[in-house]
Each structure stands twice: as C-alpha cells, then as structure tokens.
Number of protein chains: 2
Amino acid sequence: MSDPQFKSWQAIQAEVLRRIHARDWPPGHTIPNEVDLAREFGCARATVNRALQSLADSGLLERRRKAGTRVALHPVGKATLDIPVLRQEIETRSMTYGYRLVERALACAPAALGTDKTALHLIALHYADDVPYVVEDRWINLTSVPAAAEQPFDRISANEWLVITAPYTNGDISFTAEVAGAEQARLLNTDTGAAVFVIDRTTWDHDQTITTVRLTYAPGYRIHTAIGTGMTAK
Amino acid sequence: MSDPQFKSWQAIQAEVLRRIHARDWPPGHTIPNEVDLAREFGCARATVNRALQSLADSGLLERRRKAGTRVALHPVGKATLDIPVLRQEIETRSMTYGYRLVERALACAPAALGTDKTALHLIALHYADDVPYVVEDRWINLTSVPAAAEQPFDRISANEWLVITAPYTNGDISFTAEVAGAEQARLLNTDTGAAVFVIDRTTWDHDQTITTVRLTYAPGYRIHTAIGTGMTAK
DNA sequence: TAGTGGTCTAGACCACCTG
DNA sequence: AGGTGGTCTAGACCACTAG
C-alpha cells in the first residue's frame, strides 16, 4: 500500500488526475477519504489535502465535510484572467504607451456609482504605438476618493493613479460586445458600426463605491488566457 | 508581540491587507519574513504561509525565496471566470435549454486543430427559452477522440459529450468582439452587422489536440464575475 | 451523532535565489 | 553562502453536515 513514490502534493495530484482520466474514478464517484489516501500513498494527510484542495479549486472535485470528495459531474472550466494596468498591458506587448485626457468634468453620478452626489467624470484615450487602443470612460466617487478632485489626470491616467491611491476590497467586472457609437468610433479612429470589446468594472472599498469604468477597446482586441489543471504541456 | 487574536489564516490575511491599505506597508515594501510574522501573530509559520500565499495568488504580494515578500507595485487584478457547460449556464438562469444540430461533416481540419488529417466539423445552435443563444462551431480531432466519429450529436451536444468523454489537461481560451457574418446572423436570428461576443477555445490532452471551438453569442450577451481579495463585502 | 474535510502546530528539511 | 519561502510530517482539535 504505502508507496514511497508519491511524496509531493503535485505527484499526488497527478496520480489522482490519472485515475479520473482513466475512469478508475468516473464522474460522480466518491473517492477514498484523506486518511485512506494518505495511507495508500505513504504520506501525511496534509499532503493529500493540499493535492485534493488544488483539484477542487480547479473545479474537478467537489468536497464536502462528512459527504466526502466526489469527482465533479460537469467540471466547470475556470479561466483566470489577468487584468493589468493599461500601460503595462501595452508595454508588455512591446508597444509604446500613450495617453490623452479627452474630458474632465464634475457631474451628477450615474446609478452604477451608488451615490447621488456630484462625481468626477473622465474620458481618456490610451494609445499603443500612437494608435488608439482603448477609450476609458470613468466615474470617480469623490466621497470615497476626495483626493481625485485635485488631480488633473492630464499626464497620469486615472487607471494608474487609482491602483496606487485607492485600493479596493471588492469589485465587479463584466465583458460584452457592442457596436461602436459615433463618439467612440471617432475617438478610436474607426468606423461607426464596428464591433468593439467592452469591459465594465466597478470597485468598492468595503461598502463604498470607489469608481466605475467602461473600457471600449479598438476593433480586433482579444483577451487571452490559459485554462487547465496546472499540468504543463505543449 | 504574541497576539492571540490572530489565529486563523483568514484573520492574518485581513490584518496584512489592512496594513497594506493603511500604507503601513506601501507598494514595493518588503514585509517581515514568515518567522517574524508568526512570532508577532503568535501562530505557527505554516499559518502565516497560508495567508501570504493566498494574497500572492490574488496578485497583491510578490514572493521570492531569499528575496522575501514584497507588496506588489502594480497589483494585477485577477478575475476568475467560470466557463460552465452551455446547458448549465442556461438552466442556471432559469431558462429552458434547447439544442439543434445544424451541420455535421468530415472535412480537412483547420490549422488550429494541429492535425492534417480529416476531422469532424460540427455546427450547432443552443437555445434559451427557444431563442437562439449561441452558435457552436466546432472541430474535433478524430485521432485523439475516435469515438466522436460514431456519435451523431443530434440530441446531445458535443459541448456536453466531450466534457464527459474526453478530459483535457490543458487549454487555451480567448474572447473578442466581432460583427456577425451573414450565416451566423441568420442562425442567431439577428441582423447582419450586429456586434457579437465570441469565445474561441482549444483544448489538449497533454500534447494532442482534442477540439477547437468558436462560440458566437447572440447580441447582448455579457459575461460577468467578481474580483477582489476574497473579503466579503457589499 | 459520527464521519469527513478544514485548519493549526511545532519542527524539520529542502530548493531557490540574492548578495 | 546564507536567508527565505516551499513543503512535508505526525498529531490534534474543530466545523460542518449527511444520515
């Protein structure tokens, strides 16, 4: 039983994965408990726990106290997207980053900002190699970030300033496709009617809204990531 | 020093977060090592490790052996998207799921499939409450999944069949916005020229391609998720 | 209420990396 | 070369929950 070849949690994870793929443990099957697996693999229970927890995080296993650990019937794929600051995103692609403030005004906040007070409205353009890359349409809650009122945002984008100045505890992000409106098509230097990728994001510090922003990317933008069990391949 | 109130790794995580937000530990600062923190918090080093590792996973800390743990200069936001099977995605929204196979043919595989052999090409429609929800345009590598050749896919979608039959170790997914072509506009029962959300996904089993699929969602589709440090708020 | 996963401890060794 | 995080161990207690 005690097999000295499974010592690291990665090795155990790989073996469990193998058994799932080989249908030794088919979808829906309840696998042995941690104590038994630890005995079989000849390691501590904590090591088995680490391996199984990792697989549960990636959605392949479902674990419940007392009920045990089951192989997921419908493994929900999990994709982790990195949402870097725009400057970094562009510079990572070896392009020159540029920024231009288009509009800065105080106005009545939209509903999404969760405040009825006056808020700061910014519209800005981010460039990659002098080509419009994304339009940033942002509202900042001046109640939670009063310092923003003093900030011109003509050289440093709110995108960059906020991550350093106003940390958030919580956020909400969504992605969709839209037809470019006349104004945004003009800013992005593209045709009205082009399909644009849109990211809407709102962040809070505990229960107070900090900012809500709509990023409208130039046509052709593609967000990209890897999915998988963490096994390196290809 | 030894403070008995920080016993769980979540409590330690919260305290570390507080110090970061309060600028006790500003961006770029190297925080005390695990041994010192464990002594300060009056807990085991493993507990501190768990808390810091969790924060490193969410991108707020950068850890390196010997160099220590630093507060990230540009906290890269991480968003975890759940990519459920389409049937589930639709039924979760309390809508009735429907499926119709549009085309099934053997043809020369596209480059993305990474094989020059004949592959199975499927086009199918998924409905929510009898309204077209998404077009599935899929290629299946018959070398890695020979059983797919026998499968009619007229009642069960490849989307569903594959997750049960052909597990993957690795994948690649990307999101973009496109203008609906004539064929897809017809299938989605929408106007040509509408902006549609597109997901491209390719999966491998180790180094062998299993399938590549393009999901074209009906206009208005929005993918949505939460971001944050795991602290529950709002 | 009993079985299972979740977590903590105290100690140890190792792998990696910076200085 | 030495400090730091990464991991493993053996044991313990706790929290949740299915039966």
In region B:192-207, residue farthest from B:A107 (Cα to Cα) [restricted to those that are surrounded by fewer than 17 Cβ atoms within 10 Å (Cβ to Cβ) and at the interface with chain A (Cβ under 10 Å from one of its Cβ atoms)]: B:G193
Filter pass, B:T92 being closer than 26 Å to A:T203 by Cβ, in the same structural domain as B:W161 (by TED's automatic domain parsing) and among the polar types (S, T, N, Q): yes
Failed item in (1) assigned to a strand (DSSP E or B); (2) over 27 Å from A:V71 (Cα atoms); (3) more than 14 Å from chain A (Cβ to nearest Cβ), with B:D116 passing the rest: (1)
Meets criteria (among the basic types (K, R) and either under 18 Å from the mean Cα position of the chain (by Cα) or open to solvent by less than 20 Å² (accessible area, probe 1.4 Å) (or both)) for A:R100: no
Cβ-Cβ under 7 Å pairs, at least 6 apart or on other chains, region B:33-48 side in the same structural domain as B:E15 (by TED's automatic domain parsing) and among the β-branched types (V, I, T), far side open to solvent by 70 Å² or more (accessible area, probe 1.4 Å) and in a helix (DSSP H, G or I): B:V35/B:R45
Failed condition for B:M95, given (1) open to solvent by 50 Å² or more (accessible area, probe 1.4 Å); (2) within 14 Å of DNA strand D (Cβ to nearest atom); (3) at pLDDT 95 or above: (2)
Leading residue by the ranking (nearest to DNA strand D (Cβ to nearest atom)) among those in region B:1-20 that are within 13 Å of chain A (Cβ to nearest Cβ) and open to solvent by less than 50 Å² (accessible area, probe 1.4 Å): B:V16
Which numbered condition A:A149 misses (of (1) hydrophobic (A, V, I, L, M, F, W, C); (2) within 30 Å of B:Q13 (Cα to Cα); (3) more than 8 Å from chain B (Cβ to nearest Cβ)): (2)
Cross-chain or 6+ apart pairs with Cβ under 7 Å, region B:77-90 first and more than 7 Å from every other protein chain (Cβ to nearest Cβ), then open to solvent by 20 Å² or more (accessible area, probe 1.4 Å): B:R87/B:Y97; B:R87/B:E160; B:I90/B:Y97; B:I90/B:Y133
Unique match (being surrounded by fewer than 18 Cβ atoms within 10 Å (Cβ to Cβ), within 11 Å of another protein chain (Cβ to nearest Cβ) and modelled with pLDDT of 95 or more) among B:A67, B:A46: B:A46
Condition check for B:R65: away from DNA strand C (no atom under 15 Å from the Cβ), of a type in the set (K, R) and farther than 30 Å from A:L162 by Cβ: no
Options B:I210, B:I227, B:I164: the member that is more than 7 Å from chain A (Cβ to nearest Cβ) and either of a type outside the set (K, R) or open to solvent by 10 Å² or more (accessible area, probe 1.4 Å) (or both): B:I210
Among the residues listed as A:D137, A:D172, A:D154, the single one being surrounded by 18 or more Cβ atoms within 10 Å (Cβ to Cβ), more than 17 Å from A:P84 (Cβ to Cβ) and out of contact with any helix residue (DSSP H, G or I) (no Cβ under 9 Å at 6 or more places or on another chain): A:D172
Pick from region A:63-87, criterion of a type in the set (D, E, K, R) and not in a loop (DSSP other than H, G, I, E, B), ranking: farthest from DNA strand D (Cβ to nearest atom): A:R87
Residue list for region B:15-51, restricted to those being small (G, A, S) and under 29 Å from the mean Cα position of the chain (by Cα): B:A51
Scope region A:130-182; condition over 20 Å from the mean Cα position of the chain (by Cα) and touching a residue at least 60 places away in the same chain (Cβ under 8 Å); matching residues: A:V131, A:P132, A:W139, A:I140, A:N141, A:T143, A:S144, A:V145, A:S157
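Within 28 Å of B:S174 (Cα to Cα), within 16 Å of DNA strand C (Cβ to nearest atom), open to solvent by 70 Å² or more (accessible area, probe 1.4 Å) and under 19 Å from the mean Cα position of the chain (by Cα), is that true of B:D57? Talk me through it step by step, then tell me what you get.
Numbers: within 28 Å of B:S174 (Cα to Cα): yes; within 16 Å of DNA strand C (Cβ to nearest atom): yes; open to solvent by 70 Å² or more (accessible area, probe 1.4 Å): yes; under 19 Å from the mean Cα position of the chain (by Cα): yes.
Yes, satisfied.
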Among (1) away from DNA strand C (no atom under 12 Å from the Cβ); (2) open to solvent by 30 Å² or more (accessible area, probe 1.4 Å); (3) among the acidic types (D, E), the one test that A:D36 misses: (1)
All positions within region A:35-62 that are within 24 Å of B:T47 (Cβ to Cβ), near DNA strand D (Cβ under 9 Å from one of its atoms) and outside any loop (DSSP other than H, G, I, E, B): A:A38, A:R45, A:A46, A:T47, A:V48, A:N49, A:R50, A:A51
Where a residue in region B:52-74 is under 22 Å from A:R87 (Cα atoms) and its partner, wherever it lies, is open to solvent by 70 Å² or more (accessible area, probe 1.4 Å) and near DNA strand D (Cβ under 6 Å from one of its atoms), with Cβ under 8 Å and at least six apart: B:A56/B:R63; B:R70/B:R63
Residue identified as more than 14 Å from DNA strand C (Cβ to nearest atom) and away from chain B (no Cβ under 13 Å) among A:L106, A:L73: A:L106
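The values are calculated or read from the model by the stated rules, or taken from the named source; none is laboratory data. These numbers come from a predicted model, not from an experiment. Virtual Cβ from ideal backbone geometry, glycine too; neighbours counted across all protein chains shown. Surface areas here come from the heavy atoms of the whole protein model, side chains and all, with no ligands, DNA or RNA. Shrake-Rupley method; radii C 1.70, N 1.55, O 1.52, S 1.80 Å.
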